[in-house]
Amino acid sequence: MRNRSIARRLIATVLLLELLSALGITAASVLYERRTRMRAFEVVLRGRADSLLGAVGDAEDANDNVMLDTTEFSVPANDLYKVTEDGGGELGQSKTWRDDLQPGDSESSGCRPHDDIVCTKINGQRYRFVQLHRVRVVDPGDKGGGKTHHITLVYGASTEPVWGAINRSVRFNAITSFLLLVLTGLAIAWLLHRGLLPLRELAAQAEDVAPGRWEFHPPESARVTRELAPLTRSLETAVQRLEQSFKQQDRFIGDAAHELKTGVALVKSSLQLLSMRRRSVEEYEAGIERSLTDCERMEGIVAKMLTLARVENQQATPGVLVSSDLAASAAATAQDFVTISELRQVALSVGATETMLVRLTAEECGLLCGNLMLNAVQHSPAGSAVRVAFATEPGWVEMRVEDHGDGIEAAALEHVFERFYRGDPSRQRSTGGTGLGLAICKALVDKAGGTIAIESTVGVGTTVKVRLPQAA
């Protein structure tokens, strides 16, 4: 899969937006320049036409005619004009005027006529013409009010200089926008490179983390960066959890290997002892029974290890809510433990008469209650009692398993939920425990979103408190 760069995408996005903005500004400047410059051109065109029309005056002859006097008026060389009198013929025209000119061919000139302005093309050049009609009265003080003349003026000028100015202005804006675009791209690339430096430093520190090498020291620049601070804290927490998980896994593997190795060694020694010399039938039967006992113990350890792995790795199915009656499971488990409790002369009672629904399956509830009751019965002296009590509060169910055994020392309480942990340093097996029961209970309670805690006083007894979310 091809790598994608966030920095490059950000730069490309910003540059694209700037390019679109530059194109929009350029288009707006074209429209603005065209509108303003053409309006100014038309004002000048009308002013020249009015000035030229003002040069039409009395010819000082007997017939009171009019004439065009351009001696005091300078007309640009490329401008076109023609002054005529209705019924009286031509008064004057520019040197470049041709009688075949037809001002007003707007379609061929590519512009839209408005008011008294018309457009046309002459020899490939664009022109705009204005046509004015005026009345001149010669000797208005004479009898009859003087002689009236109707004058028509057609005046045109090339718009090519205007378009040249527009093109130069647009070209300047376009070049300026392009240069700003290039400078902005370089500036953004530099700023992103500097801004992402804490992220690269953080990544470099994270790359050094490996199994057996858990030192992770995020740079201070990443800690003080608002956007990177949550990621930094998450990485620190993840590394700490991974370190704890790996250490717990190593300890679990070591403890499991020790337990299984001890069992295998006992079976092997029993068989070797039997094979050293001929034995009686009773001795062979006793040796085989000891081997079977050790094999059953190893089988129990493996079964509990598989159960613990299944509980820890099992994930809830989305949309599927499970529930079961914890009180009913406790009562059923107590019935199953009647034999062992009678053999150990321990009174086991469950005080629950109503339904206590929790977010565990019936099998998981039985496993939880069985491990807790078995621990309590095994560690209770003869003649004592083990009591299982229940309580409810809004949204929660609490189960308490109380015994009156030897209790647990304070230093050992923080380790009781660890796998294969036993309070007895010599790892005696008088109780038949494997050190996995409470670890399985902890995994089940964590899976359901609850809590489990142990309170114990040496010589008085132990109480296990389990709080589980109440199921509907």
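Near residue 122, the amide H atoms lying under 5 Å from its own belong to 127; only residues 5 or more places off or on other chains count, and H is placed 1.01 Å from N. Label sites at residue 269 and residue 184, each approximated as a point 7 angstrom past Cα along Cα to Cβ, lie 8.3 nm apart. When only DSSP loop residues count, what trypsin sites (Lys or Arg not before Pro) in the stretch 1-76 have their Cβ near at most 14 other Cβ atoms within 10 Å? Passing both the DSSP loop test and the Cβ count: 2, 4.
In what order do 349, 380, 456, 29 fall by count of nearby beta-carbon atoms within 10 Å, going from fewest to most?
349, 29, 456, 380
For residue 209, what is the net charge nearby, where nearby means another residue's Cβ is under 13 Å from its Cβ and Lys, Arg count +1, Asp, Glu -1?
On the way: positive: 213, 241; negative: 207, 208, 215, 236, 243.
That works out to -3.
Legend: residue pairs 268/447; 95/143; 261/442, Cα-Cα distance threshold 32 Å; pairs beyond threshold, 268/447; 95/143.
For the pair residue 237 and residue 197, what calculated FRET efficiency results from E = 1/(1 + (r/R0)^6), where r is the Cβ-Cβ distance and R0 = 25 Å, to the nearest 0.05? Before the final figure, lay out the partial values.
Details: r = 24 Å, r/R0 = 0.94.
Using R0 = 25 Å, I get an efficiency of 0.60.
Relative contact order of the chain: 9 percent, from C-alpha pairs under 8 Å at least 6 residues apart in sequence. Helix 6-54 axis versus longest C-alpha principal axis of the chain: approximately 10°, rounded to the nearest ten.
How far is helix 197-207 tilted, in degrees, relative to the longest principal axis of the Cα atoms in the chain, given as a value from 0 to 90 rounded to the nearest 10? Once rounded, one gets 30 degrees.
Over the stretch 202-313, what is the relative contact order in whole percent, taking alpha-carbon pairs under 8 Å and six or more residues apart?
Numbers: 55 pairs, mean separation 20.8, N = 112.
Here the relative contact order equals 19 percent.
Among 264, 346, a tally of other beta-carbon atoms within 10 Å of each Cβ gives an order, fewest to most, of 264, 346. Take residue 411, project a point 7 Å from its Cα along the Cβ direction, then tell me which residues of the stretch 221-252 have their backbone nitrogen under 13 Å from it. Those under the cut-off are none; the list is empty. Hand me the GluC sites (Glu not before Pro) from the stretch 219-250 located in a DSSP loop with no more than 13 other Cβ atoms within 10 Å, in residue order please. Filter output for the stretch 219-250: 227.
Give me D for the stretch 202-313 in µm² s⁻¹, whole number, from Stokes-Einstein with Rh from the Kirkwood sum over alpha-carbon pairs, 4 °C and 1.567 mPa s.
71 µm²/s
Using θ = phi - 60° in the Karplus curve 6.51 cos²θ - 1.76 cosθ + 1.60, the 3J(HN,Hα) couplings for the stretch 171-177 round to 4, 4, 5, 5, 5, 4, 5 Hz; x is entered for Gly and Pro. Of the chymotrypsin sites (Phe, Trp or Tyr not before Pro) found in the stretch 161-243, those in coil by DSSP whose Cβ has at most 16 other Cβ atoms within 10 Å are 214. Label-to-label distance for residue 169 and residue 321 is 7.1 nm, based on points extended 7 Å past Cα in the beta-carbon direction. When each of 295, 365 is scored by the number of other beta-carbon atoms lying within 10 Å, the sequence from fewest to most is 295, 365.
If each residue of separation counts as 0.36 nm, what is the full-extension length gain between residue 286 and residue 96 once their alpha-carbon separation is subtracted?
Numbers: separation 190, 0.36 × 190 = 68.40 nm, distance 13.71 nm.
Computed gain between residue 286 and residue 96 is 54.7 nm.
Set against the labelled values (1) 2.29; (2) 1.81; (3) 1.23, Cα Rg over 2.2 N^0.38 Å computed from this structure falls on (1).
Read-outs: derived from the displayed coordinates by stated rules, not from any lab. Here the structure is a predicted model, which is why all the values come from computation and not from measurement. Ideal geometry is used to build each Cβ from the backbone, glycine not excepted, and the neighbour counts take in all protein chains shown.
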